[in-house]
Amino acid sequence: MEAVESFEISKASKVEVDGDSDNSNKGSMWVLDQKLDQPMDEEAGRLRTMYREKKFSSLLLMRLAFQSLGVVFGDLGTSPLYVFDNTFPHGINDSEDVVGALSLIIYSLTLVPLLKYVFVVCRANDNGQGGTFALYSLLCRHANVKTIPNQHRTDKDLTTYSRSTFHEQSYAAKTKKWLERYASRKNALLILVLVGTCMVIGDGILTPAISVLSAAGGIKVSSPGMKSDYVVIVAVVILVGLFSMQHYGTDKVGWLFAPIVLLWFLLIGGIGIFNIWKHDSTVLRAFSPVYIFRYFKRNGREGWISLGGIMLSITGTEALFADLAYFPVSAVQIAFTTVVFPCLLLAYCGQAAFLVKNHSDKILLQAFYRSIPEKIYWPVFVVATLAAVIASQATISATFSIIKQALALGCFPRVKVVHTSKKFLGQIYIPDINWILMILCIAVTAGFKKQSQIGNAYGTAVVIVMLATTLLMTLIMILVWRCHWILVAIFTGLSLLVECTYFSAVLFKVDQGGWVPLVIAAAFLLIMYVWHYGTLKRYEFEMHSKVSMAWLLGLGPSLGLVRVPGIGLVYTELASGVPHIFSHFITNLPAIHQVVVFVCVKYLPVYTVPEEERFLVKRIGPKNFHMFRCVARYGYKDLHKKDDDFEKKLFENLFVFVRLDSMMEGCSDSDEYSIYGQQTERSRDCLLINNGNTTTSTVDLTISSVDSIVPAKSPLHANFTVSSSGQMSSQNEIEELEFLNDCRDSGVVHILGNTVVRARRDARFYKKIAVDYIYAFLRKICRENSVIFNVPHESLLNVGQIFYV
């Protein structure tokens, strides 16, 4: 059996995290630290490239609009299955009530999905990414509202870090200062985002339940004697199959989604036209808003409560925004305005025409299926079931996506993320979340059995997500778009008027199923906020306990230890300074590797970081210390698993840095420099080495007061010359590269910190419960960093420490 060279050093290091340190007492040692550990401003500035929005031909745009039907609009398109059933759960007293309800549906579809989301909210995407966390990322780039303070000014030089500036006296600048002034406001914004996220997770549970149960209910229409329990069993079987197939992804069957959903929209639109012609064409008078006023006047409180059912006509709108990543906004707008919106209006008008002439209690149950002509009943039933499955799939995928975003931004425990498609980065599968969703979805379906109660729960979740989106959009319009305050007031006022009206209606149904999403959201919110709190305190501990560079250099090149062959990769959350785990390590062991690289894996509030801009490398201290820093930057859509050769890429960038570091020694009088990256803004003459041969070529190169170079990829061993003010030898570079290669051949050890967070003895009881029990339990069941970083167990070394908050 192989010996396992993994062990753990445990020593309680009691460190109190009391807030920000007083910068007014900074002395000469602090100044020395800054000189020895220079930030990466100049280096990152050379990585910037111009982002150009993709432009699509008309033919391609139409093709993308067609494909978007299967991914984006499935949930919204299946709403006609259950809207009228939930609007009139106790029957229809007057045929005019149907016209009033239809008028409410028409204007709800017009105001919320069409005007608000398709033409306004979808424009607030983060380089094509939608959802509440995409909006939060936009805000984090335009204001310092991120609660984990790991931002650095070099992050702003990323290609994908698009942001706008504004005048100091502008309304946007005042709003920015107001948000940044107090930590409580940042926390309130984070909680708002987390609430919206939790409600989207609730959608991932309730959408499959109500869609599949409503579709399966068509069996009972054709067989009136069938018990409702059989319908529930059929729905549960379909749900189990749906969740069990998630690990295959949708890449292989996704091409079927768009034709099926298009057929579904054409069928419900055609049936709607048939019913209007056959039963009552006068329902079209519902386009007049007068009938809304008459509806409320006639029904009073009962009419107001029925808004909870009307609101189901706009469910799926938030999923529309969350699934935006797959298609350009213009394609989504074309699909909605030309196919989805007209077909939905025809479907609801047709059902209303049918109900005006047939509004008995028996007919009202499963109104959609009863309005279908008998000859095409079973084909429509099959298509309806397939459409419900596709709608559920879209919502489940959106749930996976938003959890991945939360995980990347430190707001969700580390879970396994599987990439299911080689073509599409956004198609992921999270096994743990999938099975949790399946269990909860089956429990809701089997527990309620009636779609009216599930509809009440569904409406509560959707309206809260919409309210969160409205509040975030208000900040986006001020800080990002810099709209005039009158436009902001109009958008916010109209949105809140509609959504608060619906919210007041669903509150009446909290005891009739509306409590379900509140309980689910509360559980997920507790998990996410406690995890974020623990992550924040761990980062504050790292910041307050980092080692002084002056102290480290005072130890000398040997660091006061025996330097053994090999390379030590010390993982830390800090992008500057020496982490506490390193001092903890060298005070407990008498030896350290000849080469030490501090690795910081950092997630930024951007959707992706291009490969050529991912790694930043610099030297720490003099050359004979052989110490480096590498910052690996990821966006919230990037998958760390995608870099199977993470270690290989890290060393490639390290070797490129050393080669160019040697080049620049003769190009500048400055002794302070850092080099890394792969692209620059200006051109200079340089020699590009290929397969060990010296060849003259031109690459992008920039030299400044702090030497900064960002070259194309180059091999590791080379003998070359650089022309700047003269020629210089690369003998030192060859020696250092050979030294690094020898150390790499001797072995690479990954040193990870295993920091345990504990509450102080004098902490309040709720803090002890959150930290000592909930956070500790989440840390125990979540994935280890060594698994996420693909660290071989025989090369792993854990350094344990405890700190108190």
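One table, with the values for the structure above:
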read-out	value
Of all accessible heavy-atom area on region 295-452, the percent that carbon and sulfur account for (1.4 Å)	64 percent
Mean accessible surface per residue for region 522-619, computed with a 1.4 Å probe while every protein chain stays in place, in Å²	29 Å²
Whole-Å semi-axes of region 79-237's equivalent ellipsoid (Cα gyration tensor)	46, 20, 14
Per residue accessible area of region 129-284, 1.4 Å probe, in Å²	42 Å²
Region 73-164: chymotrypsin sites (Phe, Trp or Tyr not before Pro) in DSSP coil with no more than 14 other Cβ atoms inside 10 Å	Phe119
Diffusion coefficient, µm² s⁻¹, Stokes-Einstein with Kirkwood Rh over alpha-carbon pairs of region 159-211 at 20 °C and 1.002 mPa s	151 µm²/s
Normalised contact order of region 163-317, rounded percent, pairs of Cα under 8 Å and 6 or more residues apart	9 percent
Mean accessible surface per residue for region 298-344, computed with a 1.4 Å probe while every protein chain stays in place, in Å²	26 Å²
Rg and Dmax [Cα atoms of region 320-467; Å; Rg one decimal, Dmax integer]	18.9, 56
Relative counts (whole %) of C-alpha pair distances in region 185-254, using bins that are 5 Å wide	3, 14, 16, 15, 14, 12, 10, 7, 5, 2, 1, 0
Sulfur and carbon atoms: percent of accessible area, region 100-139 [1.4 Å]	66 percent
Farthest toward positive dipole pole in region 233-334 [+1 Lys/Arg, -1 Asp/Glu at C-beta], among Ala331, Gly249, Gly269	Gly269
Cross-link pairs beyond the 30 Å C-alpha cut-off, checked among Lys156/Lys767; Lys649/Lys767; Lys186/Lys546	Lys156/Lys767; Lys649/Lys767
Peptides ranked, highest mean first, by Cβ atoms within 10 Å: ranges 769-775, 382-388, 193-199	193-199, 382-388, 769-775
For Phe598, residues with placed amide H under 5 Å, excluding near neighbours	Val570, Phe628, Arg629, Cys630
Coordinate range along principal axes, alpha carbons of region 439-530, Å, largest first	50, 32, 16
In sequence order, calculated HN-Hα J values of region 584-599 (Karplus, 6.51, -1.76, 1.60; Hz; x Gly/Pro)	4, 5, 6, 7, 10, 10, x, 9, 8, 5, 5, 10, 10, 10, 7, 9
Entries in Lys537/Lys780; Lys146/Lys174; Lys637/Lys768 that, when Cα-Cα distance is taken, lie over 27 Å	Lys637/Lys768
Hz values of 3J(HN,Hα) by residue in region 97-111 - Karplus curve (6.51, -1.76, 1.60), Gly and Pro given as x	5, 5, 5, x, 5, 4, 4, 5, 5, 4, 6, 5, 4, 6, 6
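The values are calculated or read from the model by the stated rules, or taken from the named source; none is laboratory data. Only a predicted model underlies this, so the values are computations on that prediction, with no experimental measurement involved. Note that each Cβ is placed from the backbone with ideal geometry, even for glycine, and that neighbours are counted across all protein chains shown. With ligands, DNA and RNA removed, areas are computed over all heavy atoms of the protein, side chains included. Shrake-Rupley method; radii C 1.70, N 1.55, O 1.52, S 1.80 Å.
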